[in-house]
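Contents: one structure, followed by commentary.
The values are calculated or read from the model by the stated rules, or taken from the named source; none is laboratory data. Every value quoted in this text rests on a predicted model; they were computed, and no experiment measured them. With ideal geometry, Cβ positions are generated from the backbone for all residues, glycine too; neighbour counts draw on all protein chains shown.
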Amino acid sequence: MRILIAPDKFKGSLTAVEAAAAIAEGALRVYPDAVTTQCPVADGGEGTLEAAVAAGYEERINAVVGPILAPIGAAWALRKDGSGATTAVIETAQASGLAHMEPTPENSLRAHSYGCGQLIAAALDAGATEIVLGVGGSAMTDGGSGALRALGLKPLDAAGNVVPLGGG
């Protein structure tokens, strides 16, 4: 018997990797001759990066600007395949996530995506030809204008004015 185990995280208790290991252990108690394959998954939020690393991606860390202008370290992952393609996995929550700010009304109005754009730029600099961007768990409320700015673009509002970083 072959058993594929592909759980997401059990938020607040187990990561996807830990959940897969626990489920495999239980399955092997019931079916000791089974062959289990663990494939942790994620929904695009917290845990996406961990699932990519578990699938063989190399973790990288960059210093970026967090969602309310505080410097933070943010991880992302990279993998080259046999055909020459290089794929980066970026979990937006790493750079622009809710965990990097206090949830206040003021912060919610100024939370930006600049750090996420910095991770995209780092992935491009590392040779990424494809970027998988998980957007769950993000705090950004700027519609991506901060990320565009980090990539060297100047986002404009409807009147043609440059959009300020963090709402002003």
Just a yes or no: is a residue in segment 87-95 under 14 Å from the mean Cα position of the chain (by Cα), among the acidic types (D, E) and either closer than 20 Å to A52 by Cβ or modelled with pLDDT under 95 (or both)? yes
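Residues checked against (1) out of contact with any helix residue (DSSP H, G or I) (no Cβ under 8 Å at 6 or more places or on another chain); (2) without any contact (Cβ under 8 Å) to a residue 24 or more places away in the chain:
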residue: A123; (1), (2): yes, no
residue: E130; (1), (2): yes, no
residue: G134; (1), (2): no, no
residue: G137; (1), (2): no, no
residue: M140; (1), (2): no, no
residue: L148; (1), (2): no, no
residue: A158; (1), (2): yes, yes
residue: V162; (1), (2): yes, yes
residue: L165; (1), (2): no, no
Is it the case that segment 68-86 has a residue that's within 18 Å of the chain's Cα centre (by Cα), surrounded by 19 or more Cβ atoms within 10 Å (Cβ to Cβ) and modelled with pLDDT under 95? no
Restricting attention to segment 1-12, the residues that are surrounded by 14 or more Cβ atoms within 10 Å (Cβ to Cβ) and either over 15 Å from D43 (Cβ atoms) or more than 19 Å from the chain's Cα centre (by Cα) (or both) number exactly 2
Of T15, T48, the only residue that is of a type outside the set (D, E, K, R), more than 14 Å from the chain's Cα centre (by Cα) and surrounded by 16 or more Cβ atoms within 10 Å (Cβ to Cβ) is T15
(request) Kindly indicate whether any position in segment 103-111 is of a type outside the set (S, T, N, Q) and within 17 Å of the chain's Cα centre (by Cα). (result) yes
Within segment 55-67, the residues that are farther than 14 Å from G127 by Cα, in contact with a helix residue (DSSP H, G or I) (Cβ under 8 Å, 6 or more places away or on another chain) and surrounded by fewer than 18 Cβ atoms within 10 Å (Cβ to Cβ) are E59
Reported set for segment 90-141 where residues are out of contact with any Leu (no Cβ under 7 Å at 6 or more places or on another chain) and at positive phi is G127
- Task: Tell me, yes or no, whether segment 109-131 has at least one residue that is of a type in the set (A, V, I, L, M, F, W, C), farther than 25 Å from K11 by Cβ and touching a Ser or Thr at 6+ places or on another chain (Cβ under 7 Å).
- Result: yes
Filtering segment 75-126 down to residues that are more than 17 Å from D142 (Cβ to Cβ) and aliphatic (A, V, I, L, M) yields A75, A77, L78, A85, A88, V89, A99, A122, A123, L124, A126
